[in-house]
1. Within region 1-33, which residues are open to solvent by less than 80 Å² (accessible area, probe 1.4 Å), of a type in the set (Ser, Thr, Tyr) and out of contact with any strand residue (DSSP E or B) (no Cβ under 8 Å at 6 or more places or on another chain)?
2. Could you list, in sequence order, the residues of region 34-43 that are open to solvent by less than 90 Å² (accessible area, probe 1.4 Å) and either in a helix (DSSP H, G or I) or among the hydroxyl-bearing types (Ser, Thr, Tyr) (or both)?
Amino acid sequence: MYSVYILFSLKDKKTYVGYTSNLTSRLYKHNKGQVKSTKYRRPLKFLLAEKFESGQEAKKRELWWKSGAGR
């Protein structure tokens, strides 16, 4: 099972979109500063998660969220 998630930075008021096979572990890493792309954007607020059966579906949805249509 894969998840696409959206985080909101309370520091710079921007969103971060990602996908993972282990949502709990990934969110923990984001909030501990172990993810390069969000390390200096903490604190982060969890906004949304969507679940998918395959990584391919999740990646496709992540790209949609990052596109103009998803924003």
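The values are calculated or read from the model by the stated rules, or taken from the named source; none is laboratory data. Since we're looking at a predicted model, the values are computed, not measured. Positions of Cβ are backbone-derived with ideal geometry, glycine not excepted, and every protein chain shown enters the neighbour counts. Note: areas computed on protein heavy atoms with side chains; ligands, DNA, RNA excluded. Shrake-Rupley method; radii C 1.70, N 1.55, O 1.52, S 1.80 Å.
1. Correct list: 25 only.
2. Matches in region 34-43: 37, 38, 39, 41.
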